[in-house]
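**Q** My structure is below; once you've seen it, I'll send some questions.
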Amino acid sequence: MQTLVVAATVAEAAHVPSSMPLIITGLGKTAAAASTARALAEHGDLTDLTVVNIGTAGALREGLIGLHEPGVVLNHDLSADLVRALGYDPEERLEVGPSELVLATGDVFVTDPAVRDQLAQRAHLVDMEGYAVAWASRSFGVPVRLVKHVSDAADETAMDWSSVVEASAVALGAWLQENC
C-alpha cells in the first residue's frame, strides 16, 4: 500500500516521517480540495494508494481528547437543504471508514459556543479540511483515512492553537509511523 499524507499546515505535519510523500494544502476546504486533486492528478498510478489526511480538530463534545479516525465527514457550512430543494444532491455526508465518530468540516473557525453547540448535535469533532480531502480523493477513486488530533474544545481556546499544535504533530507523526 502506498500512502499520500495530506495536511493543511507545516506545523501539523512537522513529525511526518521523511519517507512519506506529503502535501501541504493550506487552510480551508477550497485549498484542501484543489491541492489534493492536483496531487492525485500528478501522482500517476493510483493503484494501492491511500490518502491519509492528518490534522488538528476541535472537540464538539466533552471528553474527546487525543487521536481519532472519523468514519463519517460532513460539509457543515453548506445550505444542503436548500440545494436539495432545488433538486440536487449536495453530498454533504461522506462515509470514509467504519467508525461512528463524525467529523464536521467547514470554513468557519469555530470559537462561538452557539455554533459549537449546534454542530455538536450532528458531529463529534470539527476541522477545516477533512471533507474536502475526502471528496477530492473519492472523485479519483482513492480511499481516504482522516486522522485528527484534538487540539481544543472548539471555543475561545481554539485561538491558542499555535501553542498546542506541536503536541498534536507529535501524536500524528507517531500514528503514521505505526499505521502506514
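**Q** Taking just the C-alpha trace of the stretch 1-51, give me its Rg and Dmax in Å.
**A** Taking only Cα atoms of the stretch 1-51, I get Rg and Dmax of 10.9, 29 Å.
**Q** Could you list the GluC sites (Glu not before Pro) in the stretch 134-178 that lie in coil according to DSSP, counting only those with at most 11 other Cβ atoms within 10 Å of their Cβ?
**A** Counting only loop positions with at most 11 other Cβ atoms within 10 Å, none of the GluC sites (Glu not before Pro) in the stretch 134-178 qualifies.
**Q** Can you pull out the GluC sites (Glu not before Pro) in the stretch 1-74 that DSSP calls coil and that have at most 11 other Cβ atoms within 10 Å?
**A** When the GluC sites (Glu not before Pro) of the stretch 1-74 are filtered for loop state and at most 11 Cβ neighbours within 10 Å, Glu62 remain.
**Q** Taking H placed 1.01 Å from N in the peptide plane, check which residues at least 5 places from Ser99 or on another chain put their amide H under 5 Å from its amide H.
**A** Amide H neighbours of Ser99, under 5 Å, 5+ apart: Gly71.
**Q** While we're on this one: Which ³J(HN,Hα) values in Hz, rounded to whole numbers, follow from the phi angles of the stretch 44-54 under the Karplus curve 6.51 cos²θ - 1.76 cosθ + 1.60, where θ = phi - 60° and Gly and Pro get x?
**A** In residue order, the calculated couplings are x, 5, 8, 4, 6, 8, 10, 8, 10, 8, 9 Hz.
**Q** Right, another one. Roughly what % of DSSP beta bridges within the stretch 15-129 run antiparallel, to the nearest 5?
**A** Values: 5 of 12 bridges.
Beta bridges within the stretch 15-129, antiparallel portion: roughly 40 percent.
**Q** Only Cα pairs within less than 10 Å get springs; with that Gaussian network setup on the chain, which residue of Val133, Val147, Val164 has the largest fluctuation?
**A** With Cα springs under 10 Å in the chain, the top fluctuation among Val133, Val147, Val164 is at Val164.
**Q** Sorted by accessible area with a 1.4 angstrom probe, largest first, how do Tyr88, Tyr131 fall?
**A** The ordering from most to least exposed comes out as Tyr88, Tyr131.
**Q** Given the chain reduced to its alpha-carbon atoms as identical point scatterers, what log10 I(q)/I(0) does the Debye formula return at q = 0.12, 0.17, 0.19 Å⁻¹?
**A** Here log10 of I(q) over I(0) equals -0.51, -1.03, -1.29.
**Q** Find the percent of Cα-Cα distances in the stretch 126-169 that exceed 18 Å, and round it to a whole number. Each step should come with its number before you reach the end.
**A** Working: 386 of 946 pairs.
It works out to 41 percent of all Cα pairs.
**Q** Which three extents, in angstrom, do the Cα atoms of the stretch 1-93 have along their principal axes, listed largest first?
**A** Sorted largest first, the three principal extents are 47, 39, 23 Å.
**Q** Mind checking the per residue accessible area of the chain for me, 1.4 Å probe, whole number of Å²?
**A** Values: 8700 Å² over 180 residues.
Ligands and nucleic acids excluded, the result is 48 Å² per residue.
**Q** If you don't mind, there's one more thing I want to ask. Can you pull the percent of the chain's accessible area that's carbon plus sulfur, 1.4 Å probe, other chains left in place?
**A** 54 percent
**Q** Whole-Hz ³J(HN,Hα) for each residue in the stretch 87-99, computed from phi via Karplus 6.51 cos²θ - 1.76 cosθ + 1.60 with θ = phi - 60°, x for glycine and proline: what do you get?
**A** So the J values, rounded to whole Hz, are x, 10, 8, x, 6, 7, 10, 10, 8, 10, x, x, 5.
**Q** Please check: in the Gaussian network model of the chain (C-alpha springs, under 10 Å), which one of Leu119, Leu82, Leu146 has the largest mean-square fluctuation.
**A** Leu82
**Q** Distance in nm between label sites at Ala34 and Glu100, each 7 Å beyond Cα in the beta-carbon direction?
**A** Result: 3.9 nm between the two label points.
The values are calculated or read from the model by the stated rules, or taken from the named source; none is laboratory data. These figures come from a predicted structure and were not determined experimentally. Ideal geometry is used to build each Cβ from the backbone, glycine not excepted, and the neighbour counts take in all protein chains shown. Protein only, heavy atoms only, side chains kept; ligands, DNA and RNA dropped before computing areas. Shrake-Rupley method; radii C 1.70, N 1.55, O 1.52, S 1.80 Å.
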